[in-house]
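Quick one: this structure, given as structure tokens, is what I'll be asking you about.
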Amino acid sequence: MADGILAVEDLEGGAQRLTMNRPDRLNAINHPMAEALLAYFEGLRRNRDVRVVIVRGAGRAFSAGADLKAMGSPEALQDGPRGDWVLRDLMRAMRVCPQPLIATVRGAAAGGGMAIALNCDIILASESAAFHSAFTAIGLSGTELGVSWRLQRSIGISKAREVLMAGRPLAARAALEAGLLSAVTPEADLDEAGLAMARDMLKAAPDALRLSKRSMDASLEQPSFDAAVEAEERSQMLMIVRRGRE
């Protein structure tokens, strides 16, 4: 399915690839795209046919963030109360969808585009990738859409605050060394790397994949090791019971 803003492609074994499809604008996010992304991820919540999702941008960038050139037009991004908090709701919809999300990032992932990448479970990048907060460059706070929550957990407090407060881009190799990425690939190999990651995930039983994601998300919020073990044990017991019924 393709509607000009997003393209959705069904792949093998229950995988799906979502492409932000505004390459002429470096996949900058206007209001129609934000609404389309929100509808897509909200639709995954009860979808048991789709098991893994690969998220990418068309052309030479992942996403340049908000489409500032659309300001003053009917397609301008409207967030906050006037836009029904669409970007905030998008980030929440991505985090609660049960399918693992794999971001394949080439070129710029800036502002809201970086936030979309950070809301994926695994990030793969090509050598051209660069992650840029961009918010302070346009007079805004460096913290928005949950980026401080994810970055400080992923790359540490000092490096995360450098990226968000000094507005310094994080290039692909530096992002890999910092622990933000799983791998950096040559440009031509990025899409195949995403597919290979999805294939490995699809080897797991559907419920095991979903429960693994839920348990890992819950562990990030647990106050202690013992609490994390208790939550993980409940998920594992559920899988053991289900396997016993097969």
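Any read-out appearing in this document is the output of simple, stated calculations on the displayed coordinates, not a laboratory observation. What you see is a predicted model; the values in this text were computed from it and never measured. When we count neighbours, we look across all protein chains shown, and the Cβ atoms used for this are built from the backbone with ideal geometry, even at glycine.
For R46 paired with R88, estimate the spin-label separation in nm (one decimal), with each label point 7 Å from Cα along the Cα-to-Cβ line.
A separation of 2.5 nm, rounded to one decimal place.
Another one. Would you list which aspartates and glutamates come within 15 Å of K159, measuring only between C-alpha atoms, while excluding same-chain residues fewer than 8 positions from it?
Hits, sequence-local ones excluded: E177.
When we measure straight from the Cα of K203, which lysines land under 22 angstrom away, once same-chain ones fewer than 8 places off are left out?
Partners found: K213.
Using modelled backbone amide H atoms (1.01 Å from N, in-plane), which distant-in-sequence or interchain residues come within less than 5 Å of A130's amide H?
G107, A108, A109
Still on this structure, I have one more. Hey, got a sec? Which trypsin sites (Lys or Arg not before Pro) in segment 39-99 land in a DSSP loop and have at most 15 other Cβ atoms within 10 Å?
In loop regions of segment 39-99 (DSSP not H, G, I, E or B), the sparsely surrounded trypsin sites (Lys or Arg not before Pro) are R45, R46, R48, R60.
Next question. For segment 167-174, take each phi angle, set θ = phi - 60°, evaluate the Karplus expression 6.51 cos²θ - 1.76 cosθ + 1.60, and give the result in whole Hz per residue in order, putting x for glycine and proline.
x, 8, x, 10, 6, 4, 5, 5
I would also like to ask the following. Any chance you could run the full-extension gain for A7 through I157? It's 0.36 nm times the residue separation minus the Cα-Cα distance, nm to one decimal.
50.4 nm
Between L238 and L140, take the C-beta separation as r, use R0 = 30 Å, and let me know the FRET efficiency to the nearest 0.05.
About 0.10, to the nearest 0.05.
For a protection proxy built on the mean count of beta-carbon atoms within 10 angstrom, sort 29-36, 231-238 highest first, please.
Working: 29-36: 21.9, 231-238: 14.0.
So the peptides 29-36, 231-238, ranked by packing, come out 29-36, 231-238.
Given a Förster distance of 35 Å, report the FRET efficiency between L220 and K69 from their Cβ-Cβ distance, rounded to the nearest 0.05.
Details: r = 36 Å, r/R0 = 1.04.
Using R0 = 35 Å, I get an efficiency of 0.45.
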